[in-house]
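The values are calculated or read from the model by the stated rules, or taken from the named source; none is laboratory data. Model, not experiment: these values are computed from the prediction. Cβ placement follows ideal geometry from the backbone for every residue including glycine, while neighbour counts extend to all protein chains displayed.
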Amino acid sequence: MPQFDATIKHIKDGVKGYTVKAAVSNIEGWEATLEKSDSPGVKTLVKDLENLKKHIQAEKPNGEQIKKLLAKLGKETVTLAGKSEGKNAEKAKALGEALTHMVDAPEGETEDAKAE
């Protein structure tokens, strides 16, 4: 079962507090879940998740490349959610939107800061 709520919470709390080990574990969980799906676009998502995992584990992570991958994953997730049905479709859309917002938001800005 995908961990939508936990992943969205980590994104909204800010990835700087998210260890590489925890991020890799989360990514691997999503890869395992997505590999069971035959929906169009899932293979691209899995490939991009593998790429993200490589980038965050690099000796010198490239922030701009990671940001581009996160933006791409956000768009792909929203698109995939739009083609899906069921209870997880809305959560997948929320996850994609959270990724997109994280990339678009000024550095250091959180959901709480935006609300003020």
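Data table
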| quantity | calculated |
| --- | --- |
| Filter result (modelled with pLDDT of 85 or more and out of contact with any helix residue (DSSP H, G or I) (no Cβ under 9 Å at 6 or more places or on another chain)) within the stretch 37-57 | K47, K54 |
| Of all residues in the stretch 74-90 being of a type outside the set (S, T, N, Q), surrounded by fewer than 17 Cβ atoms within 10 Å (Cβ to Cβ) and in a helix (DSSP H, G or I), the one that is nearest to the chain's Cα centre (by Cα) | K75 |
| E97 modelled with pLDDT of 90 or more, of a type outside the set (A, V, I, L, M), surrounded by 15 or more Cβ atoms within 10 Å (Cβ to Cβ) and out of contact with any Asp or Glu (no Cβ under 7 Å at 6 or more places or on another chain) | yes |
| Any hit, the stretch 45-67, residues being of a type in the set (K, R), in contact with a His (Cβ under 9 Å, 6 or more places away or on another chain), touching a residue at least 24 places away in the same chain (Cβ under 8 Å) and more than 14 Å from A92 (Cβ to Cβ) | no |
| S25 over 14 Å from the mean Cα position of the chain (by Cα) and either part of a helix (DSSP H, G or I) or modelled with pLDDT under 90 (or both) | no |
| Neighbours by Cβ (under 7 Å, 6+ apart or cross-chain): first from the stretch 12-26, farther than 19 Å from G74 by Cα; second at pLDDT 90 or above | V20/I56; V20/Q57 |
| Extreme residue, nearest to E76 (Cα to Cα), among residues of the stretch 27-46 that are of a type in the set (G, A, S) and surrounded by fewer than 13 Cβ atoms within 10 Å (Cβ to Cβ) | S39 |
| Qualifying residue in the stretch 62-73 (condition: part of a loop (DSSP other than H, G, I, E, B) and modelled with pLDDT of 90 or more) | yes |
